[in-house]
Amino acid sequence: MSLLDLLHPRLCCACGTPLTACEQWLCAECVVMLSQSRHPADWQDSVRLSRLGTHEAMRHAGAFTTYQRYGRVAAIVHSLKYRRRQELGVWLGRMAACTLRDSGLFRGVDVLVPLPLTPSRRRQRGFNQAEAIAAGMSRELGIGMRTDVLCRVRDTTTQTLFTGEDRISNVEGAFALMPGACVGGCHVMLVDDVLTTGATMTAAIKPLLAVPDVAISCFVLACTA
């Protein structure tokens with residue numbers, strides 16, 4: 001163990017235990033936990049998420065792991081979003097893409113589009129966590145990532161303060177196509193960190209539905225069961 005590790009020990013982002021020299025971001029136990037808590041790659045049987053797949057443009061929707069409030073996955077997401085650990089997002093994106101590569105979830109996808117933050121929220125966090133996840137996926141899958149497709153046209157209160165229909169109202173009209181965005185004829189996969197009710201992802205899908213001959217898939221790192 002180095003002197004730096006003694007003074008500033010590297011801790012697991014999920015459980016807080018010290019990491020060994022060969023561990024990165026998560027301890028071995030928590031890596032196993034992630035693999036065992038994988039969410040089904042296909043959401044079509046989920047009542048909560050079925051509305052994401054009702055439009056003819058929709059193709060696939062999937063998640064890497066299951067999200068439980070106050071659980072280890074929640075701790076990982078909190079560390080990613082609020083402790084400025086951008087490289088953690090990239091690492092998680094690569095891990096998810098590698099694990100689900102053969103699931104068929106990414107079949108035919110032309111471009112990865114992370115859900116954007118408002119400029120003020122991005123400045124506050126220092127980066128966009130969805131963009132970090134998508135960057136890792138892009139490196140692993142060889143699929144290009146674009147940040148010039150969607151924009152956040154209005155700021156919203158954090159969704160954690162709302163439930164049910166209030167979440168839908170909070171993000172209604174929050175996204176729009178960027179000027180000059182050209183994705184007609186493309187299979188676009190939207191990427192975000194967590195999906196609970198689906199309100200935010202549904203709001204991001206809506207502007208894309210106006211694009212001619214577009215196909216849409218969705219991926220999140222974690223989704224509630």
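Name the residues in region 130-153 that are part of a helix (DSSP H, G or I) and open to solvent by less than 50 Å² (accessible area, probe 1.4 Å), would you? Reasoning before the result, please.
Step one: list which residues in region 130-153 are part of a helix (DSSP H, G or I), which gives 130-141.
Across region 130-153, the qualifying residues are A130, E131, A132, I133, A134, A135, G136, M137, S138, E140, L141.
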Contact list, first residue from region 70-99 and within 12 Å of W25 (Cα to Cα), second anywhere and of a type in the set (F, W, Y) and not in a helix (DSSP H, G or I), beta-carbon distance below 7 Å, six or more apart or interchain, is Q86/F127; L88/W25; W91/W25
Subset of region 129-138, residues free of Cβ contacts under 8 Å to residues at least 60 places away in the same chain and touching a helix residue (DSSP H, G or I) at 6+ places or on another chain (Cβ under 6 Å), comes to A132, A135, G136
The one condition R59 fails out of (1) surrounded by 15 or more Cβ atoms within 10 Å (Cβ to Cβ); (2) without any contact (Cβ under 8 Å) to a residue 12 or more places away in the chain is (2)
Within region 91-103, residues being open to solvent by 10 Å² or more (accessible area, probe 1.4 Å) and either among the hydroxyl-bearing types (S, T, Y) or under 27 Å from P207 (Cα atoms) (or both) number 2
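Scan V220, V194, V113, V109 and give me the residue that is in a strand (DSSP E or B), modelled with pLDDT of 95 or more and β-branched (V, I, T). Quick ask: steps written out before the conclusion?
Values: V220 fails: modelled with pLDDT of 95 or more; V194 fails: modelled with pLDDT of 95 or more; V109 fails: in a strand (DSSP E or B).
That would be V113, the only listed residue that is in a strand (DSSP E or B), modelled with pLDDT of 95 or more and β-branched (V, I, T).
The values are calculated or read from the model by the stated rules, or taken from the named source; none is laboratory data. For clarity, every value in this text was computed on a predicted model and none was experimentally measured. Heads up, the Cβs are rebuilt from the backbone with ideal geometry, glycines too, and the neighbour counts pull from every protein chain shown. Side chains are part of the model used for accessible areas, which takes the heavy atoms of the whole protein and leaves out ligands, DNA and RNA. Shrake-Rupley method; radii C 1.70, N 1.55, O 1.52, S 1.80 Å.
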